[in-house]
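Heads up, the thing below is written out as C-alpha cells.
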Amino acid sequence: MYFEVQIQVTTMDDRGKMKEVQENYMVDGCEFFAQAEQVIMQHYDGDCDVLAIKKSRVREFINDKKLDSEDIYVTTITQTYDINGKTTKIKYKVALYATSIQEATQRTQHYMAQGLDDMVCEEMKKTDFIEVLTYN
C-alpha cells in the first residue's frame, strides 16, 4: 500500500538564507500511518515536521526509475468489464516515472496494451512527489 506524506523542512536557499519548504513523498510497503511516518523520520534523521499523511489512491507503479531526470506521473485508468451481459467500469490510479508527459503517455499506452479488457487513460498529470521511499 502507498501512503502520501507531506513534510516541512528547513533548507538554505540560493542566497544563504534559511527557509521552510514543504515537500511531498510517497511511501511504499506500509500498512499503518505510523510506519509511513517512521520512514520519513528516518530519511530525515528526525529533522522535519510531518504535516499530513494519507493513503494513496495509487494502486501500483508501472515502471522503475532509471534516470534522475524522471518525474512521477499519475494516471487514472478506466477498465471496462462485461460480466453476464452487464457492463461494469472500474477506475484506478497507477503511477510511473517519465521525463515528459509524452513519454508518460507512451508508457501508459504500453501498459494498457498488456491488459485483456478495454482500458482507457482518463487523466495524466505530473506530480510534485520528490521520491518514493520504502518501509523495510
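The values are calculated or read from the model by the stated rules, or taken from the named source; none is laboratory data. From a predicted model like this one, the values you see are computed outputs, not experimental measurements. Cβ placement follows ideal geometry from the backbone for every residue including glycine, while neighbour counts extend to all protein chains displayed. Note: accessible area is taken over every heavy atom of the protein model, side chains too, but ligands, DNA and RNA are not part of it. Shrake-Rupley method; radii C 1.70, N 1.55, O 1.52, S 1.80 Å.
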Legend entry - Test: Thr78 is open to solvent by less than 50 Å² (accessible area, probe 1.4 Å), of a type in the set (Ser, Thr, Tyr) and within 15 Å of the chain's Cα centre (by Cα): no
Inset, instruction - Quickly run through the range 78-124 and pick out the residues that are among the β-branched types (Val, Ile, Thr) and over 22 Å from Asn24 (Cβ atoms). - result: Thr78, Thr80, Ile83, Thr87, Thr88, Ile90, Thr105, Val120
Inset, instruction - Test each condition in (1) open to solvent by 40 Å² or more (accessible area, probe 1.4 Å); (2) closer than 22 Å to Ile7 by Cα; (3) part of a strand (DSSP E or B) for Tyr25 and report the one that comes out false. - result: (1)
Legend entry - Qualifying residue in the range 1-10 (condition: without any contact (Cβ under 8 Å) to a residue 60 or more places away in the chain, open to solvent by 80 Å² or more (accessible area, probe 1.4 Å) and under 15 Å from the mean Cα position of the chain (by Cα)): yes
Inset, instruction - May I ask you to verify whether Tyr73 is assigned to a strand (DSSP E or B) and either under 17 Å from Ile130 (Cα atoms) or modelled with pLDDT of 95 or more (or both)? - result: yes
Inset, instruction - Find all pairs meeting these conditions: Cβ atoms under 7 angstrom apart; at least six residues apart or on different chains; first residue within the range 39-56 and under 14 Å from Glu4 (Cα atoms); second residue exposed (fewer than 15 other Cβ atoms within 10 Å of the Cβ). - result: Leu51/Gln8; Leu51/Gln22
